[in-house]
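For reference, the structure is listed below as structure tokens.
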Amino acid sequence: MIETLSITKPDDWHLHLRDENLMRVVLPYTVAQFARAIVMPNLSPPVVTVEDARAYRQRILSCIPENADFTPLMTAYLTDDTDPEDLRVGISDEVISAVKMYPANATTNSAHGVTNWRKTERVLAVLEETNTPLLVHGEVTDQDVDIFDREKVFIDEILSPLSEAFPKLKIVLEHITTKESVDFVTETGRNIAATITPHHLVINRNEIFRGGIRPHLYCLPIAKREKHRLALRAAAVSGNECFFLGTDSAPHPISAKEAECGCAGIFNAPTALEIYAQVFDEENALDQFEKFASLNGPNFYNLPVNDGKITLSKQGSETPDIIEVSSTGDQLMPFFSGKKLAWRVI
Ligand code: NCD
Ligand code: ZN
């Protein structure tokens with residue numbers, strides 16, 4: 001039985017770091033586990049221009065604990081009016097690592113998102129030409145489409161035509177939740193990839209309603225039926241280079257989650273890597289963990305893999321209970337709060 005596991009230092013290919021006081025509290029959890037992270041641009045107001053991204057990167061760098069080795073990889077938030085030439089400069093100056101497409105109003109802070117992808121064709125052409133990944137929140141926003149079907153309908157109505165129009169464009173279908181997404185990525189081949197979160201590997205939609213309504217398990221895309229969770233686990237442990245780690249850790253104050261209209265987002269940064277390790281262990285696939293966590297992502301982004309190593313040991317750990325944001329009085333509830341986990345990062 002494997003008791004310790006040493007792998008190349010992993011990266012988080014989808015992370016919400018927020019800003020200011022909240023960032024100061026959540027950033028150290030990510031820095032402790034990951035060497036790099038793709039930082040989501042959905043601040044309020046969003047990170048739209050290269051100048052916005054440069055300034056946000058500076059704020060992140062000034063919060064990184066001393067002696068820590070961590071590189072934030074910045075993204076720009078695509079709008080109907082994004083200037084393709086601004087992005088071209090940001091890409092060539094290595095400020096922008098990827099561009100994020102939120103369908104307008106799909107999720108938290110996405111009101112500025114894209115209303116019709118065809119309005120962004122000039123930007124997509126620049127991304128294709130410069131080999132820069134387009135990251136997509138893959139849900140349609142039509143309220144008449146059932147919330148559990150929105151990812152599947154997005155593939156049929158938007159992702160399929162978009163990827164056919166730009167056949168060489170690198171696309172990451174983010175935080176996938178369905179078997180249909182697994183199948184789409186598997187069948188389409190190398191230039192379309194997907195990230196998978198820890199929470200979608202361990203909960204299905206029943207968990208959101210176990211014994212009552214559990215607002216801290218509400219995120220978008222919402223967790224689906226058990227058959228989908230099993231498809232995600234099979235994809236993650238398959239070793240297929242198109243699937244890699246992206247936590248979608250998305251902290252919100254407890255007061256915003258436990259509310260009449262609670263917001264979407266699961267804060268999993270404190271024990272993301274331990275949860276992933278547990279999943280790979282349960283699937284008897286620890287030998288595939290390094291590919292998913294540390295190799296497939298850089299490979300897709302055309303970046304070198306990290307130099308350092310990280311060691312996990314099966315000596316148990318516990319997810320923190322409530323985390324205080326002392327400067328604001330807010331509190332955060334981590335995913336699996338207070339639960340015991342089999343693995344620990346040492
Ligand atoms: C994210 C957030 O809170 O910023 N929420 C979520 O449920 N995942 C936004 C997102 O990635 O959709
Ligand atoms: Zn996200």
Subject >> Cross-chain or 6+ apart pairs with Cβ under 8 Å, segment 95-110 first and closer than 18 Å to P72 by Cβ and among the small types (G, A, S), then within 12 Å of ligand 1 (Cβ to nearest atom) and open to solvent by less than 10 Å² (accessible area, probe 1.4 Å) >> reply: S97/I38; S97/T75; A98/I38; A98/T75; A98/L135
**OP:** Could you check how many residues of segment 36-45 are surrounded by 22 or more Cβ atoms within 10 Å (Cβ to Cβ), part of a loop (DSSP other than H, G, I, E, B) and in contact (Cβ under 8 Å) with a residue 60 or more places away in the chain?
**Re:** 2
Original post:
Checking N105 against (1) within 16 Å of ligand 2 (Cβ to nearest atom); (2) under 27 Å from R344 (Cα atoms), which test does it fail?
Top reply: (2)
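A quick yes/no check of all residues on (1) part of a loop (DSSP other than H, G, I, E, B); (2) crowded, with 19+ Cβ neighbours inside 10 Å; (3) of a type in the set (A, V, I, L, M, F, W, C); (4) at pLDDT below 95:
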residue	(1), (2), (3), (4)
R150	no, yes, no, no
P161	no, no, no, no
V182	no, yes, yes, no
T195	no, yes, no, no
H200	no, yes, no, no
H216	no, yes, no, no
C219	yes, yes, yes, no
**OP:** Answer yes if at least one residue in segment 52-64 is more than 21 Å from M23 (Cβ to Cβ) and either in contact with a Cys (Cβ under 8 Å, 6 or more places away or on another chain) or open to solvent by 60 Å² or more (accessible area, probe 1.4 Å) (or both), and no otherwise.
**Re:** no
**OP:** Could you tell me whether N206 is open to solvent by 60 Å² or more (accessible area, probe 1.4 Å), on the phi > 0 side of the Ramachandran plot and out of contact with any Leu (no Cβ under 8 Å at 6 or more places or on another chain)?
**Re:** no
Original post:
Inside segment 266-306, can you point out the residues that are more than 17 Å from D12 (Cβ to Cβ) and open to solvent by 50 Å² or more (accessible area, probe 1.4 Å)?
Top reply: E282, E283, N284, D287, N302
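Based on this model, can you work out whether R214 counts as over 25 Å from N302 (Cβ atoms), without any contact (Cβ under 8 Å) to a residue 12 or more places away in the chain and within 16 Å of ligand 1 (Cβ to nearest atom)?
Here the answer is yes, as R214 does meet what is asked.
The values are calculated or read from the model by the stated rules, or taken from the named source; none is laboratory data. Remember, it's a predicted structure, so these values are computed and weren't measured experimentally. Every residue, glycine among them, receives a Cβ derived from its backbone with ideal geometry; neighbour counts consider all protein chains shown. Accessible surface is based on the protein model in full, side chains and every heavy atom, while ligands, DNA and RNA are left aside. Shrake-Rupley method; radii C 1.70, N 1.55, O 1.52, S 1.80 Å.
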